[in-house]
Structure formats: C-alpha cells, structure tokens
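**Q** One structure, as structure tokens, below. Some questions next.
Just so it is clear, none of the values below were taken in a lab; they were calculated from the coordinates. None of the values given here were measured: they were computed from a predicted structure. Here the Cβ positions follow ideal geometry from the backbone for every residue, glycine too, while neighbour counts run over all protein chains shown.
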Amino acid sequence: MKVVLSLVLVFIGITLAVVFTPQVESAYAQGIILDFGDYDIYYLGIDDEDENAIDSVNKLCDYYSMSITWNGNQISKISKEYIDYPESGSTATWKLYINEKDTIGWKLFDGSAEKLHIGDYSAVCWGLCEKDEEPTPGVDAMGICFYGYGQSYRIVSLAPSCTETIAASGAGNIIVGADEFSNYPLYIKQAMESGAIVSVGGYTNPSYEVIAQLNPDIVIGVADQSTHRSVIEKMRAHGVHCLATYTGDSIKTIMDNTYMIGAAMNYQLKSTQTMQQIEDALEILDAELSSGLSHRSDVMISLSTSKSPWVAGGNTYASDVISRALCNNIYSSETGWAMVNSETVPSRDPEYIIVVSSDYGNTDEDYNNMISSLSAEWRNTTAFKQGNIFLLTGGATDLASRPSTRIAQFTELMCRMIQPEIFNDINLPHHIGDDYKDYLTITKELGFDT
C-alpha cells in the first residue's frame, strides 16, 4: 500500500504545507521573444522596460542577422537564412502576444505595438501562428518568464521527471542536488548513492535548507506540488533563478517542459535536438499505427490491483498515450488520476489492463500471484478472460510514471501491449521490469541515458 500511495503522489501531486546567502541577481527576465513555431525560438534581453514591441523585435532581428519587413505596425515577413517566414503557401501570420503579470497563458494583443511597453508584462512575443494557435509558453507554471537566465552551472532538481529531462538536455553532469527518488539515468543514480549529487529530500518534502546550502544557480521543480512552489518562491526571493514546470498532462506539455528546461538552463540547443528525436520516433509509431491493422480497444491503466484502484483519467499523459495508440481510455471522463468505484471496472469492461506497480517482482511467479489475487470485479472483464493484463514493475514503473523525455519509449511499449497485431515483431511478456528496453526497437536508444 505504501508503494501505491507513493506512485499516486508522483502521478497526481498533493497539497502540503511547506542560513541562506542571497544572490543579488534578479530572478526575473525581461525581453522580447520571437517564435517561428516548432520550438524555433529566439530571445533578446531588453534593458529598457519602456522599450516598445516594435523597437525590441527590430533589435532582436538585427542581433540575430535577420531582416524584418513591416506593414504599418504589423510584421509582414521575417527572413532568416535566406528563407522568408511565413513561407509561400502558409496561412500562418505574425501576431503579437502578451503574458500579463501574475497570469499564465498568452493573450493576443490587439492594441498598437508601438505603444506596448515590454516591462508591463511577464512576457511579450511575436509569434508566427495559424488562426487558432499560440506560441510556445513564455512563462513557467508560476507565471515567471524563464528566458535570459544565462548559463547554468549548479542545478537542483526537485522531481525525477525534471532530473531525467535535465539529463536529456545535456546538463546531468551539473546537477548538484536532486530528490531522493531521482534514479535515472544510471549515472545519476550512482552519483546520488555516492553523495556526488546531494539528496534534497523527498518528492513531496524537499528541504529548503539543504537546497540553499548547495548554492544553486537554478532550481527546477513541478508547479502542482505545493512544496515545490514554496521552495521556488523562497529561492526567487533570494535572487535564485527557478523554473516551475507544468503538470505533465499530455505529450505536448512534456515537450513544452523539455523546451522550457533547456531554455532556462541555456541548454536549448541540446534540448531541441532531444525533442526532435522524440518527435521523429513518435511519427514512426504513428505511421505504423496508420497501417490499417489497428484495433480501437478499450484500455485501463491502474496503479494497483485493488478493487477500487487509482486509474488514469482524462487530462493525463497516460491517457494521451492511449489515444495516440488509437485506443480508448475507459476512464477518460474522470479528471486526472482518480480512485474509481470497483463496480465500474467490469461495467466499463476494459479489453486491456496495464498495472503500473512496484509491489510485484518481474517474475512469472509474481505475475501469477498478482493474477490469482484479483477481485471478482477484475476477473469479470474481457482483459482478464483473454489474458490481456500486463504488469509494469521496477524500471518500467518509473518509465510509465514520469512525464519526461522517455515519453517515446513509454508510447512504444504501450503500442506493443495494446496494438499487438501491428507490433508483432517481438514476443512481449505479460510482466516487464528493468528489462523494458529489450522490448523496444523504434525507441530503444531514446532513453537519453548517457
């Protein structure tokens, strides 16, 4: 039960209450963002907070050797590397977006760009967007712009998902502190065990005092954890840069978080390369799924085998992966990760059940013991009757429970479990643990573990 509760905390977050030498550097960035789409983004810090949106983007284009063409107060096109944007045939246009202070999310600015002062907003962006699109987020999940922080040299991570993303962005070797559950990649686990990376406490109870003593130049956490927010607020009050990532409720959000982490650390080149590898792998999986052999099965992802389990509802990255695999999440009507009534399991009748739990070992005996202990409600499902219940334990539990840069690997593993007619080149066992990479081909090398 303790393991189940730990997983629940990692998946859904909880609300908890929550000697330092301050740095003089401000934790707030001020500048102009230019977003070409697909995470092709430029930023320039602006000293004068009264600078308007026209002069500032002109300076940015000059700094990055781009040419800009205006039609009144609107950008007509921007040319970089001998290509005009928008490109011929594109329906995207340049628009001006603002992120008001103490808020999260872009708003289309409908006033005069010449009268917009950069310092009046948390973030200002000229974005090349289609009609219903918005630029990549310009502020973190606490409403603070993450651009302009400069090069990171000492990083503290408050969550395993953040640690994995930092490492995948090329900065794992400068992590000086991390939560006690950060154990991937292997060199991070070894550094935690040796003390080279200091444990700053648990996922839900990081120690502000320990973090402060490490003298980080950036702290990265998860905004839906109140204790992370508390630490971040205190560190920012002392001039330390921080980043509060968004809840990883979709593949898109995971990608946004990856970009944000890379940009905040000034490792965006590596982070965007990582993101491109993930996108390429997902596109290959999409192509396989579009072969016409897919079956839209009903799927349930559970954190235990209890009669009334915690399951993946809608607005979770796990549900997004199920949809990506062209299947149905039987609990998509639930919000986030939710505990459901036992009677709904047979009534919604999943054809596949994925159990994500470290309560069991990765052996036939453990798997059989799990199956034999199932309640009558679980036994009265198509998944049980057809032998389509899978156990993800050990390293596979971490893979499935962390909204991080290993999302492509989790997606392939899910595809292999719930679309076996398509992904039939490997004989997949019903229990998978630390050996999960043995059952991956498309994403086998996308663990970003070096």
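**Q** Of the beta bridges DSSP finds with both residues in the chain, what % are antiparallel, to the nearest 5?
**A** Roughly 50 percent of the beta bridges in the chain run antiparallel, per DSSP.
**Q** Now for a separate question. Let me know the number of lysine pairs in the stretch 31-129 closer than 17 Å at the Cα, not counting same-chain pairs under 8 apart.
**A** The number of close lysine pairs in the stretch 31-129 is 7.
**Q** I'd like the distance separating the alpha-carbon centroids of the stretch 419-450 and the stretch 200-257, in whole Å.
**A** First find each Cα centre; the distance between them is then 32 Å.
**Q** Give me the one-decimal nm value for the distance between modelled label points at residue 273 and residue 363, 7 Å along each residue's Cα-to-Cβ direction.
**A** Going by the 7 Å Cα→Cβ label model, 4.3 nm.
**Q** Here's something else I'd like to know. Each residue of the stretch 241-257 in order: what ³J(HN,Hα) in whole Hz does its phi give by Karplus 6.51 cos²θ - 1.76 cosθ + 1.60, θ = phi - 60°, with x for Gly and Pro?
**A** Using θ = phi - 60°, the values come out as 5, 9, 9, 9, 6, 7, 4, x, 9, 6, 4, 4, 5, 4, 5, 4, 4 Hz.
**Q** Under 5 Å between amide H atoms, partner at least 5 residues away or on a different chain: which partners does residue 301 have, H built in plane at 1.01 Å?
**A** 312, 354
**Q** While we're on this one: Along the charge dipole of the chain, which of 75, 294, 392 sits closest to the positive end, that is, farthest toward it, with unit charges on the beta carbon of Lys, Arg, Asp and Glu (+1, +1, -1, -1)?
**A** It is 392.
**Q** If you take every DSSP beta bridge whose two residues both sit in the stretch 31-129, what share of them, in percent to the nearest 5, is antiparallel?
**A** Expressed as a percentage, antiparallel bridges in the stretch 31-129 total about 90.
**Q** Let me ask something else about it. Only bridges whose two residues both fall in the stretch 290-439 count here: according to DSSP, what percent of them are antiparallel, nearest 5?
**A** 25 percent
**Q** How many nm is it between the label spots at residue 425 and residue 237, if each spot is 7 Å from the Cα in line with the beta carbon?
**A** In this crude label model, residue 425 to residue 237 measures out at 5.6 nm.
**Q** Moving on. Hey, can you grab everything whose amide H is under 5 Å from the amide H of residue 431? Only 5+ residues off in sequence or another chain; H modelled, so Pro and N-termini drop out.
**A** Under 5 Å from the amide H of residue 431 lie the amide H atoms of 391, each far enough along the sequence or on another chain.
**Q** Going 7 Å from the Cα of residue 280 toward and past its Cβ, which residues in the stretch 146-174 have a backbone nitrogen under 19 Å from where you end up?
**A** 168-170
**Q** What ³J(HN,Hα) values, in whole Hz, does the Karplus curve 6.51 cos²θ - 1.76 cosθ + 1.60 give for the stretch 289-302 when θ = phi - 60°, with x put for Gly and Pro?
**A** Computed from phi, the couplings for the stretch 289-302 are 5, 8, 5, x, 9, 6, 10, 7, 7, 8, 10, 10, 10, 10 Hz.
**Q** Something else: How big is the charge dipole of the stretch 31-129 about its Cα centre, in debye rounded to the nearest 20, if each Lys and Arg gets +1 on its Cβ and each Asp and Glu gets -1 on its Cβ?
**A** 300 debye
**Q** Which of the listed residues, 422, 403, 347, is farthest toward the dipole's positive end in the stretch 338-450, when Lys, Arg count +1 and Asp, Glu count -1 at the beta-carbon?
**A** After comparing all options, I get 347.
**Q** Roughly what would the spin-label model give for residue 293 and residue 70, points 7 Å off Cα along C-beta, in nm?
**A** My value for the distance between the label points is 5.8 nm.
**Q** Another one. For residue 77, enumerate residues with amide H under 5 Å from its amide H, sequence gap 5+ or separate chain, H modeled in the peptide plane.
**A** Placed amide hydrogens put 69 under 5 Å from residue 77.
**Q** Just in the stretch 328-432: which GluC sites (Glu not before Pro) are loop by DSSP and have at most 10 other Cβ atoms within 10 Å?
**A** Hits after loop and neighbour filter: 421.
**Q** Alpha carbon centre of the stretch 383-401 versus the stretch 138-169: separation in Å?
**A** 31 Å
**Q** Which is farthest toward the positive dipole end of the chain among 306, 162, 42, measuring Cα position about the Cα centre, with Cβ charges +1 (Lys, Arg) and -1 (Asp, Glu)?
**A** The residue sitting farthest along the positive end of the dipole is 306.
**Q** Continuing with the same structure: How big is the charge dipole of the stretch 290-439 about its Cα centre, in debye rounded to the nearest 20, if each Lys and Arg gets +1 on its Cβ and each Asp and Glu gets -1 on its Cβ?
**A** Taking the Cα centre of the stretch 290-439 as origin, the dipole is about 340 debye.
**Q** Another question, then. Tell me, how many Å apart are the Cα centres for the stretch 295-318 and for the stretch 342-376?
**A** Spelled out, the Cα-based centre of one part sits 11 Å from the other.
**Q** Next question. Using θ = phi - 60° and the Karplus form 6.51 cos²θ - 1.76 cosθ + 1.60, what ³J(HN,Hα) does each residue of the stretch 68-79 get, whole Hz, x for Gly and Pro?
**A** 10, 10, 10, 10, x, 9, 10, 6, 8, 7, 10, 10
**Q** Sticking with this structure for a sec: With charges only on Cβ, +1 for K and R and -1 for D and E, what is the dipole size of the chain about its Cα centre, in debye, rounded to 20?
**A** Computed charge dipole of the chain: roughly 760 debye.
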